[in-house]
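Data first, discussion second: the structure below is written as structure tokens.
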Amino acid sequence: MEFILALLIIIVICKIFGVSNEMLVFAGLVLIELTIIGMMLLFAYFCILILFTKRKSASFSRIDKAPKGNFKVAYYIVDDVEYPCIFPSEMILNDQMYRKDRTYHVFFSKKMKKVYDIYTVITCVVGLIFSAFAVYLTLQIVSLISVY
């Protein structure tokens, strides 16, 4: 709510100073583009981190709140030590996705003391692909708008 109020105040101040509607729309598109680029960089960062991990066998332990966060994460036991997953756990289908009777292959980061399960890897790769496509598409739209 505060964000919308701040945005409205900025728009009113810009209109008082005589900024055109086209320039406000263009500034909004630039902010959206920067957000999409930030998402792509975040997914690229996590994909690069996955490259520096080791594949380990693990067993699912539990789903609980992260030590330094607000979201619930899956915990896996790797080499008799319990480690949290780096991304939040899925909110639906927990019974089918996380089962205690299975052995999972996770990517273990010794430096961060966290694991990347298969769902995290899929999220990172698909997120990188879609956000890269979104960056390309929105840059094409901005270039078309700037021509006119």
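The values are calculated or read from the model by the stated rules, or taken from the named source; none is laboratory data. What you see is a predicted model; the values in this text were computed from it and never measured. Because the Cβ atoms are built from the backbone with ideal geometry, glycine has one as well, and the counts that use them run over all protein chains shown. Please note that ligands, DNA and RNA were not included when accessible areas were found on the heavy atoms of the full protein model with its side chains. Shrake-Rupley method; radii C 1.70, N 1.55, O 1.52, S 1.80 Å.
Taken over region 26-54, the criterion of being free of Cβ contacts under 8 Å to residues at least 12 places away in the same chain and of a type in the set (V, I, T) is satisfied by T35, I48.
Scanning region 30-65 for residues that are open to solvent by 50 Å² or more (accessible area, probe 1.4 Å) and either more than 18 Å from the chain's Cα centre (by Cα) or at pLDDT below 90 (or both) gives V30, L31, I32, F52, K54, R55, K56, S57, R62, I63, D64, K65.
More than 19 Å from the chain's Cα centre (by Cα) and in contact (Cβ under 8 Å) with a residue 12 or more places away in the chain: is that true of I145 in this structure? Yes, satisfied.
Taking the conditions exactly as written (open to solvent by 80 Å² or more (accessible area, probe 1.4 Å) and at pLDDT 85 or above), does Y116 satisfy them or not? The answer is no for Y116. For region 25-65, which residues satisfy the criterion of being under 20 Å from V106 (Cα atoms), of a type in the set (A, V, I, L, M, F, W, C) and assigned to a helix (DSSP H, G or I)? Selection gives F43, A44, F46, C47, I48, L49, I50, L51. Scan region 10-24 for residues that are in a helix (DSSP H, G or I) and open to solvent by 90 Å² or more (accessible area, probe 1.4 Å) and the total you get is 6.
Filter region 102-113 down to residues that are farther than 18 Å from I48 by Cα and open to solvent by 80 Å² or more (accessible area, probe 1.4 Å) and give me whichever is nearest to the chain's Cα centre (by Cα). Write out each step before concluding.
Start the filter on region 102-113 by keeping residues that are farther than 18 Å from I48 by Cα, which leaves 102-105.
Applying the additional criterion that residues be open to solvent by 80 Å² or more (accessible area, probe 1.4 Å) yields 102-103, 105.
Numbers: R102: 27, T103: 26, H105: 22 Å.
Per the stated criteria, the residue is H105.
Within region 66-101, the set of residues being out of contact with any Cys (no Cβ under 9 Å at 6 or more places or on another chain), open to solvent by less than 100 Å² (accessible area, probe 1.4 Å) and either within 17 Å of R55 (Cα to Cα) or in a strand (DSSP E or B) (or both) comprises I77, V78, V81, E82, Y83, P84, C85, I86.
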